[in-house]
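Below is one structure; the comments refer to it alone.
The values are calculated or read from the model by the stated rules, or taken from the named source; none is laboratory data. Every value quoted in this text rests on a predicted model; they were computed, and no experiment measured them. Cβ coordinates were reconstructed from backbone atoms using ideal geometry, including for glycine residues, and neighbour counts include every protein chain displayed. All accessible areas refer to the heavy atoms of the entire protein, side chains included, with ligands and DNA or RNA removed. Shrake-Rupley method; radii C 1.70, N 1.55, O 1.52, S 1.80 Å.
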Amino acid sequence: MVARSVSFRIAGRVPIGGGQPILVQTMCNTSTDDIEASVAQCRAMAAAGADLIRLTTQGLKQVESLREIKRRLRAEGIVTPLVADIHFLADAALAAASVADKVRINPGNFAREHEVACAKFRELIALCKQSGTAIRIGLNHGSLGERITQRYGATPLAMKEAVMEWLRMCVEEDFFNVVVSLKASNALVMTEAYRLLYAAMRDELGCLFPLHLGVTEAGNGDEGRIKSAVGIGTLLGEGIGDTIRVSLTEDPVHEIPAGRQIVAAIADGYCPRGGRTRVEASDWNDFIIKASCLWGPSLLDKKIDDFPLEGSSIGGAPVPAADGERFRDMLLQACRRRFTRPEYIACPGCGRTLYDLESTFNEVKRRTAHLAGVKIAVMGCVVNGPGEMADADYGYVGEGRGHVTLYRGKTPVLRYIPQEEAIDKLLELIEGDRK
Ligand code: SF4
């Protein structure tokens, strides 16, 4: 059977899938109810070249805010498709279907009972068919339901199986305006999940739905870009993926150039099949992204144990030795080959974040830089944070305005403490465990 590639236009305008150019998207970290701030951020994202913009849409109130944000943007002539990010409420998804250009859901979260979730999903499909709205089935490693993990564990196979249930339903309903994502903070888990899904769509469904790629909770700075380039670049280099997001705990506008650099690096042959052996980069960010796309896949798949830095250049000059070694440490760690630094897992923040995530994360990094090998998560909200922080040893999770709960593994150990005390307490917790 020859699989067909599904392609369609989001908002009737932006083509996706079937070999169309890779779309680069980002997500607002404003409160969706703060319409002024959200419009301003969308404006900046559109100016930076975002192909799609996602906004947190927790409930019906935010659906109305999204409606107003869209109205104002369109009035300004900004036509970038808007995606409603729904986490749990099926009713919010149903309402958003007539407002957003795409609705991002994990249908498994719609209800505890699988049959109820299925019924709601079919209802959503019917509405999206009427309104021409696309759906992204977004299933993260950290949000796998018990029904699936009891059978398959929290594995890439479980992620693939969970999504295939919903895709079969889409095929039954003859609904193909669908994009799928299977993100994880671990590039190894993420790449494996997408590869399994790609093969299952090809061999079982006979149609390849467009895939949205991303490494969740990648953090910020060099590490965030390297982790994302390894995960996303590995798959793009294999011809898998139609749209991407580089999730950074930074101003989300920064995600756009980072995403474009990954797409450009692959197009320029910086992948194992691309025939390149040395990196020629214009600046540092260009270097770390190209080098991660080139060597990351082979490190991840254990085909090589190390990589050469000699011969690579930045702006025509050799890569400075100390910078090169720092990059080596970061890339080997991103590929889960050698742990020489703390491992940070940090969400990018969104409309649910009620504290200054970016500066807090930087402070946590500064104060814990000596803790090599320790996995520390910094998450914006308690709704998704604990589930999404994967296999972190410790978690710093926002809980309401100005308060934080600290976790040891998956267990909350200090609840609802004032934010001003939280980093000290986190250090005390970690140091106490190491004595
Ligand atoms: S963990 Fe919470 S705050 Fe962070 S991106 Fe996810 S939903 Fe938003």
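Do we find a residue being away from the ligand (no atom under 15 Å from the Cβ), surrounded by 15 or more Cβ atoms within 10 Å (Cβ to Cβ), under 23 Å from Asn109 (Cα atoms) and touching a residue at least 24 places away in the same chain (Cβ under 8 Å) anywhere in the stretch 416-424? There is no residue in the stretch 416-424 that is away from the ligand (no atom under 15 Å from the Cβ), surrounded by 15 or more Cβ atoms within 10 Å (Cβ to Cβ), under 23 Å from Asn109 (Cα atoms) and touching a residue at least 24 places away in the same chain (Cβ under 8 Å). Considering every residue within the stretch 12-22, establish whether at least one is within 22 Å of Tyr198 (Cβ to Cβ) and either within 16 Å of the ligand (Cβ to nearest atom) or touching a helix residue (DSSP H, G or I) at 6+ places or on another chain (Cβ under 6 Å) (or both). Yes, some residue in the stretch 12-22 is within 22 Å of Tyr198 (Cβ to Cβ) and either within 16 Å of the ligand (Cβ to nearest atom) or touching a helix residue (DSSP H, G or I) at 6+ places or on another chain (Cβ under 6 Å) (or both). Within the stretch 407-414, is there a residue that is out of contact with any Cys (no Cβ under 9 Å at 6 or more places or on another chain) and surrounded by 19 or more Cβ atoms within 10 Å (Cβ to Cβ)? The answer is yes, given that some residue of the stretch 407-414 is out of contact with any Cys (no Cβ under 9 Å at 6 or more places or on another chain) and surrounded by 19 or more Cβ atoms within 10 Å (Cβ to Cβ). Residues that are open to solvent by 10 Å² or more (accessible area, probe 1.4 Å) and either among the charged types (D, E, K, R) or part of a strand (DSSP E or B) (or both) within the stretch 246-263 comprise Glu250, Asp251, Arg260, listed in sequence order. Residues in the stretch 134-162 that are among the β-branched types (Val, Ile, Thr) and out of contact with any Cys (no Cβ under 6 Å at 6 or more places or on another chain): Ile137, Ile148, Thr149, Thr155. Filtered by the rule that a residue be open to solvent by 30 Å² or more (accessible area, probe 1.4 Å) and more than 10 Å from the ligand (Cβ to nearest atom), the stretch 332-355 gives Arg336, Arg337, Arg338, Phe339, Thr340, Arg341. For the stretch 77-135, the set of residues classified as within 24 Å of Gln25 (Cα to Cα) and of a type in the set (Asp, Glu) consists of Asp85, Asp101, listed by residue number. Residues that are open to solvent by 40 Å² or more (accessible area, probe 1.4 Å), assigned to a helix (DSSP H, G or I) and out of contact with any Ser or Thr (no Cβ under 8 Å at 6 or more places or on another chain): does the stretch 73-85 have at least one? Yes, the stretch 73-85 contains at least one residue that is open to solvent by 40 Å² or more (accessible area, probe 1.4 Å), assigned to a helix (DSSP H, G or I) and out of contact with any Ser or Thr (no Cβ under 8 Å at 6 or more places or on another chain).
For the stretch 228-244, what are the residues that are under 11 Å from the mean Cα position of the chain (by Cα) and open to solvent by 10 Å² or more (accessible area, probe 1.4 Å)? Once the filter is applied, which keeps residues that are under 11 Å from the mean Cα position of the chain (by Cα) and open to solvent by 10 Å² or more (accessible area, probe 1.4 Å), the stretch 228-244 yields nothing. The set of residues in the stretch 78-95 being closer than 15 Å to Ala50 by Cβ and out of contact with any strand residue (DSSP E or B) (no Cβ under 8 Å at 6 or more places or on another chain) consists of Ile78, Val79.
Among the residues here, Gly400 does not qualify as under 23 Å from His254 (Cα atoms), of a type in the set (Gly, Ala, Ser) and within 16 Å of the ligand (Cβ to nearest atom).
Is it the case that some residue within the stretch 143-154 is among the aliphatic types (A, V, I, L, M), open to solvent by 10 Å² or more (accessible area, probe 1.4 Å), modelled with pLDDT under 95 and within 17 Å of the chain's Cα centre (by Cα)? Yes, because at least one residue in the stretch 143-154 is among the aliphatic types (A, V, I, L, M), open to solvent by 10 Å² or more (accessible area, probe 1.4 Å), modelled with pLDDT under 95 and within 17 Å of the chain's Cα centre (by Cα).
Scanning the stretch 380-397 turns up at least one residue that is open to solvent by less than 50 Å² (accessible area, probe 1.4 Å), free of Cβ contacts under 8 Å to residues at least 24 places away in the same chain and within 11 Å of the ligand (Cβ to nearest atom).
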